[in-house]
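Undergrad: Starting off with a structure, shown below.
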Amino acid sequence: MRFGEVLNQIVTIARHGIVQAVRMKIVLVVAVFLVVLVPALPFLLKSDNTLDGQLRMIITYSLYLTSFLLSVITLFLSVAALNFEIKGRQILVLDPKPVHRFTLLVGKWLGIMLINLALLIAMMGVTYGLVRWFGRPPRPVKLENLGKHLREAGVDTEAVERFNATQRQLFAGAMDPEESAAFNEAVAEVAKKLSEDRQNRAVFTLFRNAVERTQNVAEDYQNTKATVMTARVARGPVLPDVGGWVEERIAQMKQNDMMPELRSEQWVRQRLSQQFSRAAWQVPPGGIMHWEIHDLPQFKGWLVIRFRFLRDRGEPDNEILVRFVITGRDDRQSVVRRHYRVDMQHAFSVPSTLVRQDGTIDISFENLDSGEEPVAAWFPAQGGISVLFPAGSMAENFLRAGLVILAKLSFIAILGVFASTFLSLPVGVFMTTVVFFAGHMRDYFLTEILSDFYLFGSSVVPPGTPLNPADEVLRYILYYVFAVFPNFGAYDIVTPLAEGHLIAAGMLAHCFWWFVLIRGSILVLAAWFIFRRRELAALTPQS
Amino acid sequence: MASERPVVIETAQVGKMFRDFWMRKRVKALDNINLQIFRGEIFGLLGPNGSGKSTLVKILLGLLFPTTGRAAIFGRDPRNVAVKDRIGYMPEESYLYRYLDAEETLNFYGKLFNLPSAERRHRVELLLEMVGLTHQRQRPLVEYSKGMARRIGLAQALINDPDLVFLDEPTTGLDPIGTREIKDLIKELRNRGKTVFLCSHLLADVEDVCDRVAILYGGRVRRIGKIRDLLADRNATQITTPVLKPETVRRALAVIRESEGTHIEATVQPPRNRLEQVFHAVVEEAREARLETAGTTVGTGAAAYFEGLDRGEKADAILEDLLKAPEEKPEPSGGEREEIVVPATPKEPEPDRAVIADLLAPQSPDGREGKEDSGKEEAAESKRDRPLVLPADAGDKDARDAEQVLGDLLRGGSYDKDEDPDKDKTGQG
């Protein structure tokens with residue numbers, strides 16, 4: 001049989017699967033549910049009253065809902081597709097047709113994936129549309145009356161018109177630094193004229209309020225565009241070689257016979273690693289830390305400096321006065337000096353024109369805490385400090401997110417079809433559900449549960465006490481048992497999309513590689529192996 | 001004669017043991033089945049419930065795998081896709097997609113055979129006409145009656161113009177018209193060189209159309225042979241003549257007694273039409289009167305379907321290949337035929353009268369002679385009357401009635417008009 005003929009059979013079976021799902025109204029019910037619920041979300045849920053907060057909420061809830069519901073449908077449809085045929089005995093008519101059983105499995109899988117694709121495109125489209133609509137440029141502040149007052153105060157018409165024009169430009173355009181600069185120049189020109197005469201104080205106040213309103217709206221919009229409606233990439237400083245320090249220290253301790261007797265070497269290593277990591281980017285009161293950031297592109301727009309620091313002691317919600325100095329091309333500097341709350345994510349923007357020709361900028365952080373008991377600030381290795389720049393559009397990010405979801409759904413569909421080759425509908429659905437949730441909890445189990453797992457030894461021992469050997473073996477076995485489950489949590493696309501981070505092509509490729517090509521292929525081969533040996537007219541029902 | 005034709009189905013010591021979840025032996029469904037079925041043959045598989053008929057069919061279709069022995073179709077494994085391309089299967093129930101309509105159903109299966117679009121549409125039209133569902137083509141199958149669903153089940157089995165057709169209880173649920181159409185179709189298939197494997201409980205149907213039958217009991221073939229050989233009653237003689245005068249009958253009986261002895265028991269009775277014939281006559285009248293019906297219309301019949309296929313052949317060169325006579329059709333690609341070891345054809349045993357009587361008595365109590373192979377001859381024979389039966393030992397009620405009539409005749413009496421329901425039809429008094 002030629003490849004074209006096999007392909008034709010696959011498409012025929014897939015199309016039949018779609019007709020089956022539609023006429024049995026399964027897909028219809030879910031589609032209506034999604035189409036009604038997703039657009040209603042922004043009106044049902046409360047955000048923090050900021051534009052970016054609202055957009056993040058829409059993205060987060062819509063995509064979690066879409067991803068979860070599609071996973072559930074896929075799980076059910078994929079197990080049911082073959083089971084319905086077997087239970088309804090249509091397979092007795094279908095199997096004697098010149099169709100390879102492998103073709104049948106692939107056709108069933110393709111049908112489910114086409115349904116998924118249609119629903120996914122619809123739901124991603126609705127979510128994207130909602131984000132674009134809520135994130136549309138704000139209207140310029142109405143200035144007709146202000147313009148009249150300004151002219152009465154002696155400001156010439158050209159300056160007023162320039163102010164109005166730059167403001168409109170600010171909203172209509174991308175609100176990039178050039179437009180902001182032009183607006184600021186126009187504001188300065190009008191303010192200078194008003195300040196010449198003290199009689200204009202009332203008009204000046206009106207003007208200042210209008211400018212502040214404009215700037216607030218513009219800043220909110222700019223912030224939203226720069227943090228949510230974009231796809232950014234983060235670059236961070238290179239962490240010092242903590243591992244090397246740890247090994248050096250361990251060697252010293254062993255040489256001096258300083259290793260603790262009741263602690264395992266692994267525990268000592270972990271503790272040292274934590275201490276050195278913390279010390280690497282620790283800034284004492286009055287101290288300064290310098291970082292150099294590499295591989296930044298030349299572009300027109302804003303760089304976002306994002307950071308989070310902790311303090312070595314005291315209340316975690318205190319604020320510390322700090323100063324950031326960003327130094328770049330031609331030694332131009334951008335300085336930010338203010339109080340920042342400890343253990344929170346913060347960000348500020350600097351013009352991208354600071355980036356040098358070689359793609360670098362310097363960031364220096366000065367701890368200005370001068371209270372009665374000044375504290376050191378330390379930046380964690382992960383998420384301590386990074387520089388973000390746009391590397392793609394939000395649409396592109398949505399597309400990548402959709403592809404990741406599709407890869408996951410693809411694996412779930414393969415898993416379901418595999419289960420249906422030897423399990424009945426309820427047992428198959430149960431099995432795939434267990435795998436689905438275990439896959440989501442895999443990391444939590446491996447990191448949290450397993451580290452506190454004691455069966456033979458006592459858990460009431462000092463930290464670092466060597467494990468009972470039986471527990472050690474058991475943990476080892478459990479680790480590899482759970483490691484077999486697909487790690488759904490490793491490919492979270494909702495958080496990066498809501499934070500405006502570009503979903504890396506590497507993650508996309510990794511996801512397809514592990515979910516579809518490796519695990520999927522193994523399951524497909526296993527399914528084919530089982531199904532081609534299955535007696536479809538067996539008297540004994542499969543269980 | 002049959003052995004000169006190519007073997008289409010071959011089983012060698014096929015056995016099937018069903019096991020439970022723990023692989024314990026539960027049911028021995030088939031035991032040492034050796035069959036050879038030839039091209040152009042209508043082969044009937046008979047047996048009571050649980051005898052293994054369906055199991056054997058499912059093994060031949062690749063839906064079950066034999067525990068022992070081997071089965072081959074067209075010399076290859078039944079699971080081979082090239083083999084399945086030449087097979088049509090109508091299961092004992094219409095296991096079709098209830099949410100599809102008739103046209104969609106046939107199109108779906110047609111696509112699986114990779115039929116070119118124009119040819120597929122042509123065949124779908126012809127098949128819908130053949131099974132009388134043209135006007136119901138867009139009703140979902142869930143709304144179909146059982147008989148209508150059987151018809152569409154038959155149509156799907158023929159969508160690929162198969163060389164070998166498996167029909168499992170094909171007439172179940174069908175009205176007499178549908179039953180006759182199926183029988184006509186089976187005969188037409190044979191006329192076109194196709195092979196038909198028929199599995200049925202309706203012994204009259206099997207008797208009407210099959211060339212050879214095998215009788216299964218307890219998973220083993222108990223009898224196998226040609227229908228006429230199996231049904232021949234060598235202890236009685238039947239003479240068929242046009243209507244005779246009573247005097248002629250008396251003289252004939254006198255000759256028989258004179259020759260065979262006075263102890264011989266002879267029965268003379270006028271011929272009877274079969275109820276099937278009467279039914280078809282009534283329906284034919286209604287159809288000619290153009291009375292309306294909400295059910296299936298009468299199909300165009302198998303002959304019209306095959307004529308339609310032939311017209312399609314002329315129009316379409318692809319069809320020409322597909323519908324060539326089987327001897328011209330190449331064997332499935334892939335090289336040599338698979339070897340299958342079949343023991344020498346066992347000598348056909350004498351019919352086990354007890355088994356046959358058990359199986360056939362309720363449906364055919366008359367013990368007619370076997371029929372000729374030709375469909376036309378069969379049709380003619382079905383209209384033929386049975387004027388004179390001379391049973392060797394007439395122990396049942398019919399025989400006693402016959403004895404009474406014979407006695408009346410020999411005493412010079414005549415038929416009582418009121419007691420003879422066939423009188424008006426035969427015109428005999």
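Undergrad: Test each condition in (1) hydrophobic (A, V, I, L, M, F, W, C); (2) away from every other protein chain (no Cβ under 14 Å); (3) surrounded by fewer than 20 Cβ atoms within 10 Å (Cβ to Cβ); (4) in contact (Cβ under 8 Å) with a residue 40 or more places away in the chain for A:F84 and report the one that comes out false.
TA: Looking at each condition in turn, A:F84 falls short on (2).
Undergrad: Let me ask you something else. Sort out which residues of the range B:180-215 are of a type in the set (S, T, N, Q) and either surrounded by 21 or more Cβ atoms within 10 Å (Cβ to Cβ) or touching a Phe, Trp or Tyr at 6+ places or on another chain (Cβ under 7 Å) (or both), and write them in order of number.
TA: Within the range B:180-215, B:T195, B:S200 qualify.
Undergrad: Test A:L474 against the criterion of being within 30 Å of the chain's Cα centre (by Cα) and either in a helix (DSSP H, G or I) or among the polar types (S, T, N, Q) (or both), and give yes or no.
TA: no
Undergrad: When you go through A:E535, A:E499 one by one, which is the residue that is surrounded by 13 or more Cβ atoms within 10 Å (Cβ to Cβ), more than 14 Å from chain B (Cβ to nearest Cβ) and of a type outside the set (K, R)?
TA: Just a single option satisfies the conditions, and that option is A:E499.
Undergrad: Take the range B:115-145 and flag every residue that is among the polar types (S, T, N, Q), surrounded by fewer than 17 Cβ atoms within 10 Å (Cβ to Cβ) and part of a helix (DSSP H, G or I).
TA: The one that is among the polar types (S, T, N, Q), surrounded by fewer than 17 Cβ atoms within 10 Å (Cβ to Cβ) and part of a helix (DSSP H, G or I): B:S117.
Undergrad: Here's a follow-up. Counting only residues that are part of a loop (DSSP other than H, G, I, E, B) and under 15 Å from B:K58 (Cβ atoms), which one in the range B:79-93 is nearest to the other protein chains (Cβ to nearest Cβ)?
TA: B:P91
Undergrad: Failed condition for B:L128, given (1) modelled with pLDDT of 90 or more; (2) away from every other protein chain (no Cβ under 14 Å); (3) out of contact with any Lys or Arg (no Cβ under 8 Å at 6 or more places or on another chain), with all others met?
TA: So the condition that B:L128 fails would be (3).
Undergrad: Also, I was wondering about something else. Which of the strands (runs of 3 or more DSSP E) contained wholly in the range A:335-418 include at least 1 residues that are within 23 Å of the chain's Cα centre (by Cα)?
TA: Of the strands (runs of 3 or more DSSP E) lying wholly inside the range A:335-418, those with at least 1 residues that are within 23 Å of the chain's Cα centre (by Cα) span A:346-351, A:385-392.
Undergrad: Give me the residue from the range A:1-40 that is exposed (fewer than 15 other Cβ atoms within 10 Å of the Cβ) and more than 14 Å from chain B (Cβ to nearest Cβ) and, out of that set, farthest from A:G111 (Cα to Cα).
TA: A:A40
Undergrad: Is it the case, given these coordinates, that A:V72 is more than 14 Å from chain B (Cβ to nearest Cβ) and either under 20 Å from A:V494 (Cα atoms) or surrounded by fewer than 17 Cβ atoms within 10 Å (Cβ to Cβ) (or both)?
TA: yes
Undergrad: With the requirement that a residue be within 29 Å of A:H100 (Cβ to Cβ), in a strand (DSSP E or B), of a type in the set (A, V, I, L, M) and within 11 Å of another protein chain (Cβ to nearest Cβ), what does the range B:11-65 give you?
TA: If the condition is that a residue be within 29 Å of A:H100 (Cβ to Cβ), in a strand (DSSP E or B), of a type in the set (A, V, I, L, M) and within 11 Å of another protein chain (Cβ to nearest Cβ), then B:A29 is the only one that fits.
Undergrad: Now for a separate question. Which condition number does A:T495 fail, the rest of (1) farther than 30 Å from A:L51 by Cα; (2) assigned to a helix (DSSP H, G or I); (3) not aliphatic (A, V, I, L, M) being met?
TA: All conditions are met except number (1).
Undergrad: A follow-up question, please. Between a first residue in the range B:148-166 that is in contact (Cβ under 8 Å) with a residue 40 or more places away in the chain and more than 12 Å from chain A (Cβ to nearest Cβ) and a second residue that is of a type in the set (D, E, K, R) and assigned to a helix (DSSP H, G or I), which pairs have beta carbons less than 9 Å apart while being 6 or more apart in sequence or on different chains?
TA: Correct list of pairs: B:R151/B:E181; B:L158/B:R123; B:D161/B:R123.
Let's see how each residue does on (1) buried (at least 17 other Cβ atoms within 10 Å of the Cβ); (2) at pLDDT 95 or above; (3) out of contact with any strand residue (DSSP E or B) (no Cβ under 7 Å at 6 or more places or on another chain):
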{"position": "A:A413", "(1), (2), (3)": "yes, yes, yes"}
{"position": "A:S424", "(1), (2), (3)": "yes, no, yes"}
{"position": "A:V435", "(1), (2), (3)": "yes, no, yes"}
{"position": "A:G439", "(1), (2), (3)": "yes, no, yes"}
{"position": "A:D443", "(1), (2), (3)": "no, no, yes"}
{"position": "A:T447", "(1), (2), (3)": "no, no, yes"}
{"position": "A:L450", "(1), (2), (3)": "no, no, yes"}
{"position": "A:F453", "(1), (2), (3)": "no, no, yes"}
{"position": "A:S458", "(1), (2), (3)": "no, no, yes"}
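Undergrad: Could you tell me whether the range B:52-69 includes any residue that is within 17 Å of B:S200 (Cα to Cα) and without any contact (Cβ under 8 Å) to a residue 24 or more places away in the chain?
TA: Scanning the range B:52-69 turns up at least one residue that is within 17 Å of B:S200 (Cα to Cα) and without any contact (Cβ under 8 Å) to a residue 24 or more places away in the chain.
Yes or no, residue by residue, for (1) within 14 Å of another protein chain (Cβ to nearest Cβ); (2) acidic (D, E); (3) surrounded by 21 or more Cβ atoms within 10 Å (Cβ to Cβ):
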| residue | (1), (2), (3) |
| --- | --- |
| A:F102 | yes, no, no |
| A:L119 | no, no, yes |
| A:R132 | no, no, no |
| A:P138 | no, no, no |
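Listed here are the residues, each with its yes/no results for (1) modelled with pLDDT of 90 or more; (2) hydrophobic (A, V, I, L, M, F, W, C); (3) surrounded by 15 or more Cβ atoms within 10 Å (Cβ to Cβ); (4) touching a helix residue (DSSP H, G or I) at 6+ places or on another chain (Cβ under 8 Å).
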{"position": "A:G243", "(1), (2), (3), (4)": "no, no, no, yes"}
{"position": "A:W267", "(1), (2), (3), (4)": "no, yes, yes, no"}
{"position": "A:S273", "(1), (2), (3), (4)": "no, no, yes, yes"}
{"position": "A:S277", "(1), (2), (3), (4)": "no, no, yes, yes"}
{"position": "A:V283", "(1), (2), (3), (4)": "yes, yes, yes, no"}
{"position": "A:E292", "(1), (2), (3), (4)": "yes, no, no, no"}
{"position": "A:F307", "(1), (2), (3), (4)": "yes, yes, yes, no"}
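Undergrad: Only residues that are farther than 14 Å from B:A155 by Cβ and either in a helix (DSSP H, G or I) or more than 10 Å from chain A (Cβ to nearest Cβ) (or both): list them for the range B:103-114, please.
TA: Residues satisfying the conditions are B:K111, B:L112.
Undergrad: Suppose we filter the range B:70-92 for residues that are among the charged types (D, E, K, R), touching a residue at least 40 places away in the same chain (Cβ under 8 Å) and within 29 Å of B:R26 (Cβ to Cβ); how many remain?
TA: 3
Undergrad: Please give the number of the condition B:K111 fails out of (1) under 23 Å from B:A82 (Cβ atoms); (2) out of contact with any helix residue (DSSP H, G or I) (no Cβ under 6 Å at 6 or more places or on another chain).
TA: (2)
Undergrad: Moving on to the next point. Do you know which residues across the range A:104-117 are within 30 Å of B:L167 (Cα to Cα) and either away from chain B (no Cβ under 14 Å) or surrounded by fewer than 20 Cβ atoms within 10 Å (Cβ to Cβ) (or both)?
TA: Selection gives A:L105 alone.
Undergrad: Here's another thing I want to ask about it. Go through the range A:333-368 and count every residue that is modelled with pLDDT of 90 or more and among the charged types (D, E, K, R).
TA: The qualifying residues number 5.
The values are calculated or read from the model by the stated rules, or taken from the named source; none is laboratory data. Quick caveat: nothing in here was measured; it's all calculated off a predicted structure. Glycine also receives a Cβ, built like all others from the backbone with ideal geometry; neighbour counts cover every protein chain displayed.
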